[in-house]
Amino acid sequence: MTRKIKRLAGLAAVVVLGLALAACQGEPVEMPTPSVEAASPSPSPSPSADRAEEAIAERAAAAEKSYREYLKISAKYAQKGESPFWELNDNHYIAGDVAEAQQQSWESFELLEQKWVGAPSIESIEFAHFEGNPLREEITGQRVHFRVCLDNSKRDIVNPDGSSAILGGAERVLLNIALQGQPGGQWSFVKSEVSNEGC
C-alpha cells in the first residue's frame, strides 16, 4: 500500500512537471500590444484669426472709401464757394471733434466768400491699426486708423478778389487719421492729426 502511494505521488509529480513545462514551452502567450497614439498634425492657423484678418481688411477698405468720398464731397462744394458741412454731417461722413472743427472752418469759409481752385489728393494711404473686435458684426465704435499723405499742390483757396488765402505751408502733409463705425454701417472721419514726419 505504501509502495502504491509512493508510485502515485511520483506520477503526480511527473504530471505537474509536465504541465509546468507545457506552460513554458507550449503555445505562445499573447502579450498586449501597446497602444500608439497617432501623431497630431502640426497646428494650422486658427480659423477665427483668419476671419478676423479678413474682417479688418473689409472694414479698412470701407473706411478708406468713406474718407475718399468725404474729400470728393468737400471739393465739390468748396469749388463753388459753398460749405459741404451739412451734407457731410447729415450723412455721417464726419463726427465728433472733426465735425465740430469742420463746422467752424466751413462757416468761416462761407463768411469770407472764399473758393477752392483744384482739390487736395491722396498721394498715399496706409493702414495703421484697428480698434475693436472685428469678429463682431456691428461696427459701431470700431476704429480704423490710417497714415495719409495728402497732396495740396494742386489746390488753392482764393479770396473774392482772386488772391490766394494760403500763406506758405507744405504742399504735402502726413496725417494720422481715424474713422469710426456708426450704427447705420457708415464710417465717419473722427480724428486728424498732422504728423511731424514728411511724406
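The values are calculated or read from the model by the stated rules, or taken from the named source; none is laboratory data. Computed from a predicted model, the values in this text were never measured in an experiment. Note that each Cβ is placed from the backbone with ideal geometry, even for glycine, and that neighbours are counted across all protein chains shown.
Data overview
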| read-out | value |
| --- | --- |
| Qualifying residue in region 145-165 (condition: assigned to a loop (DSSP other than H, G, I, E, B), of a type in the set (A, V, I, L, M) and within 22 Å of residue 77 (Cα to Cα)) | yes |
| Residue satisfying condition, being surrounded by 15 or more Cβ atoms within 10 Å (Cβ to Cβ), touching a residue at least 40 places away in the same chain (Cβ under 8 Å) and not hydrophobic (A, V, I, L, M, F, W, C), within set 114, 103 | 114 |
| For residue 151: the one exception among (1) surrounded by 12 or more Cβ atoms within 10 Å (Cβ to Cβ); (2) acidic (Asp, Glu); (3) within 16 Å of residue 58 (Cα to Cα) | (3) |
| Meets criteria (exposed (fewer than 12 other Cβ atoms within 10 Å of the Cβ) and either at negative phi or without any contact (Cβ under 8 Å) to a residue 60 or more places away in the chain (or both)) for residue 180 | no |
| Number of the exception - residue 132 against (1) surrounded by fewer than 16 Cβ atoms within 10 Å (Cβ to Cβ); (2) under 25 Å from residue 96 (Cα atoms); (3) of a type in the set (Gly, Ala, Ser) | (1) |
| Lone unmet requirement of (1) out of contact with any strand residue (DSSP E or B) (no Cβ under 8 Å at 6 or more places or on another chain); (2) in contact (Cβ under 8 Å) with a residue 24 or more places away in the chain; (3) surrounded by 18 or more Cβ atoms within 10 Å (Cβ to Cβ); (4) not basic (Lys, Arg) for residue 84 | (2) |
| Flag for residue 192 being assigned to a strand (DSSP E or B) and either among the small types (Gly, Ala, Ser) or surrounded by fewer than 12 Cβ atoms within 10 Å (Cβ to Cβ) (or both) | yes |
| Those residues of region 153-174 which are among the small types (Gly, Ala, Ser) and modelled with pLDDT of 90 or more, in sequence order | 153, 162, 163, 164, 165 |
| Single residue of 108, 83, 121 found to be within 30 Å of residue 56 (Cβ to Cβ), hydroxyl-bearing (Ser, Thr, Tyr) and modelled with pLDDT of 95 or more | 121 |
| Flag for residue 141 being outside any strand (DSSP E or B) and touching a Gly at 6+ places or on another chain (Cβ under 8 Å) | yes |
| Criterion (surrounded by 18 or more Cβ atoms within 10 Å (Cβ to Cβ) and free of Cβ contacts under 8 Å to residues at least 60 places away in the same chain) met by exactly one of 160, 120 | 120 |
| Residue list for region 128-138, filter: free of Cβ contacts under 8 Å to residues at least 60 places away in the same chain and either of a type in the set (D, E, K, R) or part of a loop (DSSP other than H, G, I, E, B) (or both) | 131, 132, 133, 136, 137, 138 |
